[in-house]
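Quick notes on the structure that follows.
Bear in mind that the values in this text are calculations on the coordinates, not laboratory data. These numbers were taken from a predicted model, which means no experiment stands behind them. Using ideal geometry, Cβ is built from the backbone for each residue, glycine included, and neighbour counts are taken over all protein chains shown.
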Amino acid sequence: MKFNTLNIFFILLPVLLLHVKHAIAGSEVAHSVERALEYLDYLAEEEYDPGSGKRQYTISPGCVGSRPGGRCTLSEFLLYNWQGPSNTPSPKGYHIWPSMPSDITTLSAKDLAAKIHAARFDIRTKKGRYYEPASKIDPAKILPSNPQLGYLDIQAKLGAPLNQLSSSRDGKLNSYQSRIFNLGKETAQGVLELHYADQERFKLEAWQKKLTY
């Protein structure tokens with residue numbers, strides 16, 4: 001099996017995220033970048049060849065959408081993972097606004113995260129109409145095979161499907177697969193940078209509180 005620096009980055013990503021995981025919940029922007037990385041993992045699993053002839057989906061396997069093979073678009077993926085808890089039937093009248101591009105691999109990591117950050121679910125019920133950030137999720141839907149994992153532990157596992165994609169093909173990816181992989185790497189770096197920034201902000205706030213006593 002051939003490893004390059006990108007493979008090593010995704011192998012080390014869970015360790016790095018665990019190191020700063022207490023800062024994960026501090027930024028709504030970070031949540032948007034995490035949603036982007038989750039979806040790129042979801043796309044990577046479609047391209048990963050396990051060698052058995054049958055793919056085993058682990059990232060939001062219950063998401064059934066309008067893409068070939070019943071796979072979800074980004075909008076469908078966000079909506080599915082937002083509708084929680086995981087044992088609740090999907091409600092009616094939920095729409096994401098603005099709509100997401102059909103091929104997100106043409107975007108930069110920054111633009112992808114910005115679109116998710118700006119997106120809102122337009123919710124219309126008998127009681128009225130309101131909006132919710134599209135970056136919110138029911139964590140149990142991301143990795144349902146590990147229901148005991150909390151949000152922070154799930155986020156620490158991100159990047160594994162992207163690494164498997166590259167490793168299974170010995171780094172020889174086609175154009176579409178390369179876009180998924182490179183965008184995933186860029187997004188993962190953004191997640192780490194935001195977490196470290198949050199961590200430093202929390203430290204500063206803690207010191208400021210101590211100085212006021």
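The calculated FRET efficiency for Ala118 paired with Asn146, based on their beta-carbon distance and R0 = 22 Å, is about 0.10.
Of the peptides 61-71, 121-131, 34-44, the order by per-residue mean of other Cβ atoms within 10 Å, starting with the highest, comes out as 34-44, 61-71, 121-131.
The convex hull around the C-alpha trace of the stretch 117-166, projected and averaged over every direction, spans 5.4 square nanometres.
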